[in-house]
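See structure below.
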Amino acid sequence: MSDENGEGLSPIVKVISSMLFPFIMIFSFYVIMHGHLTPGGGFQGGAIGASAVVMLIVAFGARHTERRAGEEKLSAFESIGGTVFVVVALFGFIMAATFMSNFLVGTSVFGEIPPFGSNPGILNTGGILPILNFAVGMKVIGGLSAVVLAMALVSREDD
Amino acid sequence: MRKIAAIVFVAFFAFLLLAAYDMHDFGAPPSAMDDYVIENTQNETGANNAVTAVVFDYRGYDTLGEATVLFTAIAGVMVVLRRRGKNE
Amino acid sequence: MIYNIPFFAVILLIAVGMYAVIFKRNLIKIAIGITIVESGVNLFLITLGYREGGVAPIYTNLPSGVILPGGMVLPIPQALTLTSIVIGVAILALMLSFIIRIYQYYGTLDSRKVRRLKE
Amino acid sequence: MNIDWLLTHSPALLIAIPLLAAFLTPLIDRVSRRARDAFVIAVLIAAEIIMVILAWDVFTVGTHIYTMGASSTAATIPAHAAVPIRIVLEVDGMGAFMGLISATVSLAAGLYSLAFVKKETGQGRYYTLLLLMLVGMFGMEFTGDIFNMFVFLEVLSIASAALIAFRFYHGDAVEGAFKYCVISSLGALMVLFAIGLLYGQYNLLNIAALAGVMKYTTLDRIALVMLVAAFAMKCGAVPMHMWTPDSYTVAPAPITAMLVAASQASLYALFRICFSLYGLTLDVTTMGIIIISLGLLSMFVGVTMALPQKDIKRLMSYHAVSQTGYMLLGVGVGLYLLGKSDFDTYGMAAMEGGIFHIINHALYKGLLFLTAGAIFYKVKTRNLNEMGGLAHSMKYTTIFFMIGALAIAGIPPFNGFASKLLIYESAYHVSPILSIIAMLVSIITLASFVKVFHSAFMGPPMENTEAGEVPKSMIIGMAVLAAGIILFGLFPGWVVSNIVHPAAQALASQAGYIGAVTGGGV
């Protein structure tokens, strides 16, 4: 998959993939943030984002990607996502009655209640759902790309 | 050993076929719990997408577990594929 | 029953996967077998939730004329499937990293040549 | 934050605290290793304390119900619905009992690990996974939702598999982990399929609600067979025990102790399925006989396979299989008699024996694996022929090993005796052969451990052995478990009536389990 230096594919692929990268990331962010309105959500959007990072790993080579963002950094990103999830869930105790309760419904932050039945979709709804979607999205982007990076680095160790 | 495995495999397969034969008709499931979710998604969670409402609200605790599974597997991959060179 | 053909398809998928896990000797093929079984089980969960003529359980731009709640497919099986897909990815990642290490140690993927995996 | 608040929210807190700690451990690890160690131990101690408070309340007051995300913890069924929609945690006597075991074993394993893995790389991940194993066990034991049980079963299996492979540079560690991973993911997929069968019929996922409408149709039977087969495989009962010695042997010692507790979480799930989900709709006589014969087979095959082993941890692993047989026997006798007139006279005693044996086994088998780890730490081998005379240099380890060995063989002042006696007495009423086999297995166990003691600890010291005792943290870890063994051995009456009896009662009473969800809890 790479030349003898182990530094990725041809320059055409490198340029094209670095141009595509921000667009894929924006699409991933869109899927994550509209999780409570359209098909998709944190996991799906996270997988799209992770595939963008994997594309960079394939195009530029594992070593190069590691210098930019190592496994440790990516998995710290993931840890932060997980922490946000649990902390939001724990806020359920303080703001409402139980762990994981949707305490934001009815407030001004994501708290609007949509009209019943068919509607065009209002972003400012869903309570804690968009926040949790975002946390999970961060987790999945960080986690999956860290796994692929770790596997790519280990396979390079052989030769 | 392979013969025993073959017998177990065939028995398992027959067993599953029996299960498929006995299932409810395709396309007409019982739905008491799901109907409640469909009808109350919008006013209880404020979300238009009932699947997301189930994933993050009604069964949000499962999603916490699922995120944990992913985190666990990733920590596991990091443990198994760690380099031993730099001894702490 | 003739209407249960999707369930039989599920069983067939599970059986194919089980066959790979039980009879194949290549570790990668065992991992593939587990993934196939898992797809079978996921498909099973999805088929459980299908309702004749139902639309996706999403209210955004819902077409008019859908009778609620009978006109939507069940949302809970889809959520369960989502959970189980992510779990499947997690297991696959872990299993592949084990296979990488086994390959580095023994230089083979044949379970007969790996000492403890001989049945 | 007062005690009532803590009690109300403790089931969720017990999951959330170790989970949050697991997410934070890799971040803290980047700052300082010492802070990370202190943090992990503090979390394990906090979990133990909250668990003890919760268990005490469950044993004296009653079942705790916790509805995730509802307007109040007791609102299991929403106002306009007829069935539970949200995930309900239900901590009854049995769940609290298992939670105590998990918390105690994890604390001992965590303390022991401080010194044991000091020279390894990747310690931050090691502690993360250790905490996640604890989360997985708690999750399985507290949940009242069958799909949720599957999710936490997966958390537990994946964390265990990764930790079994922790010392991947030994080669065979990864093989053991791979085998464990294949077995446990197949088992989990069978569980998921069975959940699909139940969901497809009743459109329910809550165990109590399912138990309330259970009709025991053909599909229910198929689901039962799959659930029982999967969980029996995961707890290491005999026809499917092949993974046990492979993975127990290669895991680091504290993880092996955790794996014992983890397999007991699967055993708990098996009992929960049989007693609480199916209960009296089952053909209890047949199911009882099946579980009893699984138990007898495990006891006998385990102990006979243990006798010729030369590897100390492999030998102990086969004994673990054999001891699992005692638990299956005790509870199987209880299931066999469930709903019959004899249940109150000796069926209950059999269940108490089986359940008491679970905690005893976790303590002494955990201790034995930790001593085996201590030996490995000093001698660098697990082969019994290459060690000897360790009693001269490792006094504490020798004493701990003796305590563990005497307890597992069922010698009177220790806890193994109390639970085995209960099983012997009550199984005798069903069939004398059961008791005779159980006693015979106990004698062979003693013989096997005398052999280990003789070859590892007696005789002249080996020349290649480093002199000296293992580090302090390892001794403290072992002492926690040894203290439990001695306490339980000295006061078995108190333990049975205050801890084991509520657990057995909770398991036997299906109506109580269903009523707690449909009628609101404490």
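Results, tabulated for the structure shown:
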| item | result |
| --- | --- |
| Leading residue by the ranking (farthest from the other protein chains (Cβ to nearest Cβ)) among those in the stretch D:116-154 that are of a type in the set (Val, Ile, Thr), in a helix (DSSP H, G or I) and within 18 Å of the chain's Cα centre (by Cα) | D:VAL135 |
| Members of the stretch D:91-115 found to be outside any helix (DSSP H, G or I) and over 16 Å from D:MET51 (Cβ atoms), listed by number | none |
| Considering residues of the stretch D:486-521 that are over 19 Å from D:ALA269 (Cα atoms) and among the hydroxyl-bearing types (Ser, Thr, Tyr) only, the residue modelled with the highest pLDDT | D:SER497 |
| Test: residue in the stretch A:28-51 that is β-branched (Val, Ile, Thr) and touching a Gly at 6+ places or on another chain (Cβ under 6 Å) | yes |
| Selected residue [within 12 Å of chain B (Cβ to nearest Cβ), at pLDDT 90 or above and in a helix (DSSP H, G or I)] from D:LEU259, D:LEU267, D:LEU210 | D:LEU210 |
| Hits in the stretch D:349-397 - residues which are of a type in the set (A, V, I, L, M) and under 19 Å from D:ALA109 (Cβ atoms) | D:ILE358, D:ILE359, D:ALA362, D:LEU363, D:LEU367, D:LEU368, D:LEU370, D:ALA372, D:ALA374, D:ILE375 |
| Whichever residue in the stretch D:233-252 is of a type in the set (Gly, Ala, Ser) and closer than 22 Å to D:MET478 by Cα and, among such residues, is surrounded by the most Cβ atoms within 10 Å (Cβ to Cβ) | D:SER247 |
| Residue under evaluation D:PHE417, criteria (1) in contact with a helix residue (DSSP H, G or I) (Cβ under 6 Å, 6 or more places away or on another chain); (2) under 30 Å from D:PHE343 (Cβ atoms), criterion not met | (1) |
| Subset tally (residues that are closer than 21 Å to D:ALA374 by Cα and surrounded by fewer than 24 Cβ atoms within 10 Å (Cβ to Cβ)) for the stretch D:253-292 | 0 |
| The stretch C:51-65 - residue that is within 8 Å of chain A (Cβ to nearest Cβ) and over 12 Å from B:ALA50 (Cβ atoms) and, of those, surrounded by the fewest Cβ atoms within 10 Å (Cβ to Cβ) | C:SER64 |
| Flag if D:PHE59 is assigned to a helix (DSSP H, G or I), surrounded by fewer than 24 Cβ atoms within 10 Å (Cβ to Cβ) and aromatic (Phe, Trp, Tyr) | yes |
| Those residues of the stretch A:11-45 which are among the polar types (S, T, N, Q) and within 12 Å of the chain's Cα centre (by Cα), in sequence order | A:SER28, A:GLN44 |
| In the stretch D:73-83, residue modelled with the highest pLDDT [restricted to those that are at the interface with chain B (Cβ under 8 Å from one of its Cβ atoms) and surrounded by 18 or more Cβ atoms within 10 Å (Cβ to Cβ)] | D:VAL83 |
| Single unsatisfied condition, C:LEU109 versus (1) closer than 19 Å to D:GLY187 by Cβ; (2) more than 10 Å from chain B (Cβ to nearest Cβ) | (1) |
| Residues that are more than 7 Å from every other protein chain (Cβ to nearest Cβ) and surrounded by fewer than 24 Cβ atoms within 10 Å (Cβ to Cβ), drawn from the stretch B:38-49 | B:ASN40, B:GLU44 |
| Among the candidates A:ILE141, A:ILE131, A:ILE122, residue that is modelled with pLDDT of 80 or more and touching a Pro at 6+ places or on another chain (Cβ under 7 Å) | A:ILE122 |
| Every residue from the stretch B:50-70 that is over 13 Å from A:PHE43 (Cβ atoms) and either at the interface with chain D (Cβ under 7 Å from one of its Cβ atoms) or not in a helix (DSSP H, G or I) (or both) | B:ASP57, B:TYR58, B:ARG59, B:GLY60, B:TYR61, B:GLY65, B:THR68 |
| Flag for D:VAL40 being away from chain A (no Cβ under 13 Å) and in contact with a strand residue (DSSP E or B) (Cβ under 7 Å, 6 or more places away or on another chain) | no |
| Evaluation of D:PRO308 against (1) at pLDDT below 90; (2) in a helix (DSSP H, G or I) (one fails), failing number | (2) |
| Qualifying residue in the stretch B:15-27 (condition: within 7 Å of another protein chain (Cβ to nearest Cβ), surrounded by fewer than 19 Cβ atoms within 10 Å (Cβ to Cβ), out of contact with any helix residue (DSSP H, G or I) (no Cβ under 9 Å at 6 or more places or on another chain) and free of Cβ contacts under 8 Å to residues at least 40 places away in the same chain) | no |
| Residues of the stretch C:66-97 satisfying the condition of being more than 7 Å from chain B (Cβ to nearest Cβ) and touching a strand residue (DSSP E or B) at 6+ places or on another chain (Cβ under 8 Å) | C:VAL66, C:GLY71, C:VAL73 |
| D:ILE312 being touching a helix residue (DSSP H, G or I) at 6+ places or on another chain (Cβ under 6 Å), closer than 16 Å to D:ALA232 by Cα and of a type in the set (A, V, I, L, M, F, W, C) | no |
| Members of the stretch C:31-50 that are surrounded by 18 or more Cβ atoms within 10 Å (Cβ to Cβ) and either of a type in the set (D, E, K, R) or facing another protein chain (nearest Cβ under 8 Å) (or both) | C:ILE34, C:VAL37, C:GLU38, C:VAL41, C:PHE44, C:LEU45, C:THR47, C:LEU48, C:GLY49 |
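The values are calculated or read from the model by the stated rules, or taken from the named source; none is laboratory data. All of these numbers come straight from a predicted model, not from anything done at the bench. Positions of Cβ are generated from backbone atoms using ideal geometry, with glycine treated the same way; all protein chains shown enter the neighbour counts.
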